[in-house]
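As structure tokens, the structure follows; a few thoughts come after it.
Every read-out reported here was derived from the displayed coordinates using simple, explicitly stated rules and does not represent laboratory data. All figures in this text were calculated on a predicted structure; none of them were measured in a lab. For neighbour counting, all protein chains shown are included, and Cβ atoms are generated from backbone atoms with ideal geometry for every residue, glycine included.
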Amino acid sequence: MKKPTLERALEAGLFASRWLLAPFYVGLVFALAGVLVVFGVDLWRELVHLIHVDPAKLAEAGIVMALSLIDLSLAANLLLIVIFSGYENFVSRIDVASHEDRPDWMGTVDFSGLKMKLIASIVAISAIALLKSFLELADNGVHDEKTLYWQVVIHLTFVISGVLLALMDFINAKGGHGAGSTHD
């Protein structure tokens, strides 16, 4: 039985509405550029700071600098994964299959995988921020236990959320109710 014209037009319009997401991904590209600017400023500031650090504390200062830059790098990687995967999952395929620099994971990260990469990145970023706080506390001799307590609580919340999301995806996959299955 052929669908009515109005229904076909409605469905075509709904399908075309996915393009309303494209500006979000373009905005995330600008956010990625902003993270690059922050990275450059932080790198410069940290290098200048290293020049004035007491030589006895130089190693710790270098580690804190590296952790700060790794943190920004993880955030930038996360943005790129969300841009590529989100666009390909919800808008349109990115046709760069023949490009030699095309990442292997591109086109293979589904919504579930994107969620897991997102939470894993958030946990890693949180862990780095927590480690940085521990190093700064030890380095400065300052004991702000309340702030550290809340950082640990927040980090554990991210970890538990990640484990629960992974468990839900596992249960969903075992039950055969994945993204491609249908329910009656």
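Computed values, structure above
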{"item": "Nearest 10 degrees, 0 to 90: helix 145-174 Cα axis against the chain principal axis", "result": "30 degrees"}
{"item": "Fully extended contour minus Cα-Cα distance, from Asn172 to Val53, at 0.36 nm per residue", "result": "37.6 nm"}
{"item": "Under 29 Å from the Cα of Lys57 - lysines, other chains or at least 8 residues apart", "result": "Lys132, Lys146"}
{"item": "In degrees, nearest ten, helix 111-140 long axis to first principal axis of the chain (Cα)", "result": "10 degrees"}
{"item": "Nearest-0.05 FRET efficiency for Phe24 and Met116, computed from C-beta distance (R0 22 Å)", "result": "0.60"}
{"item": "In range of the label at Ala31: residues from the range 45-82 whose backbone nitrogen is under 11 Å from the point 7 Å along Cα→Cβ", "result": "76, 78-82"}
{"item": "Rough spin-label spacing in nm, given labels placed 7 Å along Cα→Cβ, for Asp95 and Trp44", "result": "4.1 nm"}
{"item": "Linear extension gain, Thr108 paired with Ala16, 0.36 nm per residue minus alpha-carbon span", "result": "30.8 nm"}
{"item": "Directionally averaged shadow of the chain, computed from the convex hull of its alpha-carbon atoms, nm²", "result": "16.3 nm²"}
